[in-house]
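*Asks:* My questions will all concern the structure given below.
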Amino acid sequence: MAEPGDVAEPGDVAELEVVRPGPLTTVQDLGRRGVAHLGVPRAGALDEPALRAANRLVGNEPDAAALETTLGGVALRASRPVTVAVTGAPSAVRVDGRAAAWGAPVSVPAGALVEVGAATHGVRGYLAVAGGIAVPPVLGSRSADLLSGLGPAPLATGDRLPVGPPPQPRPTPDLVPLPAPPAELVLRLHLGPRADWFEPRAVAWLARDHYRVAPASNRIALRTEGPAVTRSRGGELPSEGMVLGAVQIPPDGLPVVFLADHPTTGGYPVLGVVPPADLAAAAQARPGTPLRFVLLRGR
């Protein structure tokens with residue numbers, strides 16, 4: 001018996017044809033866990049709560065693969081009737097030109113065009129379909145990893161995405177509350193392991209200084225604009241392991257917060273680590289969003 005999210009045989013279930021891929025739309029689930037020691041990044045949805053919410057709305061398991069859009073939305077045509085839900089960055093949703101609900105289950109008839117418009121706030125939206133996007137898994141995940149090239153390529157016009165068998169009927173909510181995209185991004189920061197590479201005064205000032213999200217931010221890292229963090233020692237480190245949320249300080253002194261597609265090793269000193277719970281907001285912070293760090297000391 002097929003399980004939800006299994007790879008389907010051609011013609012067995014629905015497909016979604018990509019009519020408009022948007023600026024950057026990728027297949028994402030909860031990522032590749034437990035393979036960083038092989039040099040493989042985690043990847044997966046940048047805003048995990050939004051992905052989980054979209055899957056819950058259509059009755060999927062939390063780790064089912066969905067589509068992550070970036071700013072500009074996506075348009076898809078369903079070969080068979082499907083149920084979808086869109087969460088994450090707020091945007092207009094239309095089915096064959098008619099307004100449909102955002103943040104709620106939506107029925108899409110066979111042959112209909114479902115359109116997710118440009119994000120009105122935030123950056124990344126999530127479109128889940130009942131049954132999940134059933135592209136073949138790679139190392140246990142269907143996620144596209146833009147750094148390593150693992151998983152499916154970003155969507156292109158004409159792509160056809162297989163949909164897994166519909167999940168077993170279960171109660172689904174009409175709405176799953178999610179926080180709004182941040183007007184100001186506040187990131188807690190556990191200091192270490194290389195905080196001693198920086199002037200104590202510079203580390204203290206980090207909590208008082210004002211930063212902004214830089215336009216160069218992407219799925220690999222959130223980059224910042226603002227005052228440089230001054231180092232207390234020269235030289236460089238040998239490469240060492242990097243974790244999700246690590247805050248590296250490159251030679252320009254501007255903090256870089258590692259996100260889902262981050263490299264597994266790096267040689268710039270890590271001033272601290274942002275807790276995973278704060279990274280969903282980072283995924284939705286547009287360039288120019290004010291940013292503050294809040295220092296956490298101890299465990």
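*Asks:* Based on DSSP loop calls and a cut-off of at most 13 other Cβ atoms within 10 Å, the longest stretch of the chain free of exposed GluC sites (Glu not before Pro) is what? Provide the component values of the computation, followed by the final result.
*Replies:* Values: sites that count: Glu184, Glu236.
That gives 1-183 as the longest site-free run.
*Asks:* Continuing with this model, one more query. Can you work out D for the range 15-162 in µm² s⁻¹ from Stokes-Einstein, where Rh is the Kirkwood radius over C-alpha pairs, the temperature is 10 °C and the viscosity is 1.306 mPa s?
*Replies:* On the way: Rh = 14.9 Å.
Diffusion coefficient, whole number: 107 µm²/s.
*Asks:* Using the crude model of +1 on Lys and Arg Cβ and -1 on Asp and Glu Cβ, and no other charge, please compute the dipole size for the chain relative to its Cα centre, in debye to 20.
*Replies:* Details: 27 positive and 27 negative charges, 162 e Å.
Using Cβ point charges on Lys, Arg, Asp and Glu, the chain gives about 780 debye.
*Asks:* Take the alpha carbon gyration tensor of the range 185-296, find the square roots of its eigenvalues, order them as a ≥ b ≥ c, and report rounded if a/c is under 1.5; if not, report prolate when a/b exceeds b/c, else oblate. Display every interim value, and only then the final one.
*Replies:* Numbers: a/c = 1.56, a/b = 1.19, b/c = 1.32.
Oblate, because a/c is 1.5 or more while a/b does not exceed b/c.
*Asks:* If you take Rg and Dmax of the Cα atoms in Å from the coordinates, which of [x] 20.1, 64; [y] 21.3, 73; [z] 17.9, 50 do you get?
*Replies:* [x]
*Asks:* Next up: Go ahead and estimate [θ] at 222 nm for the chain from helices alone: -39,500 (n - 2.57) per DSSP H run with n ≥ 4, summed, over the residue count, rounded to 500. Each step should come with its number before you reach the end.
*Replies:* Values: 3 runs with 23 residues, N = 299.
Computed ellipticity for the chain at 222 nm equals -2000 deg cm²/dmol.
*Asks:* To the nearest Å, what is the center-to-center distance of the range 133-175 and the range 107-122, using C-alpha atoms only?
*Replies:* 17 Å
*Asks:* With θ taken as phi - 60° and the coefficients 6.51, -1.76 and 1.60, list the Karplus ³J(HN,Hα) couplings across the range 69-81 in order, rounded to whole Hz; mark glycine and proline as x.
*Replies:* The phi angles translate into 9, 10, 6, x, x, 6, 10, 9, 10, 8, 6, 9, x Hz.
*Asks:* For the range 179-223 and the range 227-253, what is the separation of their C-alpha centers, rounded to whole Å?
*Replies:* 12 Å
Throughout, read-outs are computed from the coordinates displayed, never taken from laboratory work. Predicted, not measured: the structure shown is a model, and the values here were computed from it. Note that we place each Cβ from the backbone using ideal geometry, even for glycine, and neighbour counts take in every protein chain shown.
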